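So the structure is just underneath, and the comments pick up after that.
The values are calculated or read from the model by the stated rules, or taken from the named source; none is laboratory data. Just so it is clear, the structure is predicted and the values come from calculations on it, not from any experiment. Methodologically, a virtual Cβ is constructed for each residue, glycine included, from the backbone with ideal geometry; neighbour enumeration extends over all protein chains shown. The accessibility values were calculated without ligands, DNA or RNA, using every heavy atom of the protein model including side chains. Shrake-Rupley method; radii C 1.70, N 1.55, O 1.52, S 1.80 Å.
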Amino acid sequence: TKGEADIPQAGRALVSRLQEREQTPGCAAQCWMAWSRLAQTAAALGMPLTNLTKTLVYLADRADLEVYEAVREAFISDPETLPAFECVVIQGPGPTPEATVQIDAIGVID
């Protein structure tokens, strides 16, 4: 599980604030890392995050959706470019036993 100290400086302040609201300890940091990795993968493909067409997030606790959305907004904030969105609450969203969030994403490469 990633903690605040594992988050790059750019995200630490946000993660720190969100930790006060998270239901599941570590969720804010995991959401940040998931979006960060998604952004890195998209960039490696030459695709901006605004080309995402759909995201499906799996959360361990419905109460953490607000935390997830706050992190997502740090990566995609323009309502005109938000992808379609679904959320599934499930015990152990994987891919590892300590994970509290998992994101599936579909995007279009120009």
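Yes or no: residue 60 open to solvent by less than 60 Å² (accessible area, probe 1.4 Å), out of contact with any Leu (no Cβ under 9 Å at 6 or more places or on another chain) and of a type outside the set (Lys, Arg)? Answer is yes for this residue. Within the range 89-110, residues that are within 22 Å of residue 48 (Cβ to Cβ) have Cβ atoms under 6 Å from residues that are among the basic types (Lys, Arg) and at pLDDT 95 or above in these pairs: 106/54, counting only partners at least 6 apart in sequence or on another chain. Annotation: residue 55 fulfils all but one of (1) among the β-branched types (Val, Ile, Thr); (2) in contact with an Asp or Glu (Cβ under 8 Å, 6 or more places away or on another chain); (3) open to solvent by 70 Å² or more (accessible area, probe 1.4 Å); the unmet one is (3). Taking every residue in the range 8-36 that is within 9 Å of residue 64 (Cβ to Cβ) and pairing it with any residue that is of a type in the set (Gly, Ala, Ser), at least 6 positions away or on another chain, the pairs with Cβ-Cβ distances below 7 Å are 22/28; 23/63; 24/60. Screening the range 1-50 for residues that are under 24 Å from residue 82 (Cβ atoms) and modelled with pLDDT under 90 and picking the one that is surrounded by the most Cβ atoms within 10 Å (Cβ to Cβ) gives 11.
The set of residues in the range 72-110 being among the β-branched types (Val, Ile, Thr), surrounded by 14 or more Cβ atoms within 10 Å (Cβ to Cβ) and out of contact with any Gly (no Cβ under 8 Å at 6 or more places or on another chain) consists of 76, 89, 101, 103.
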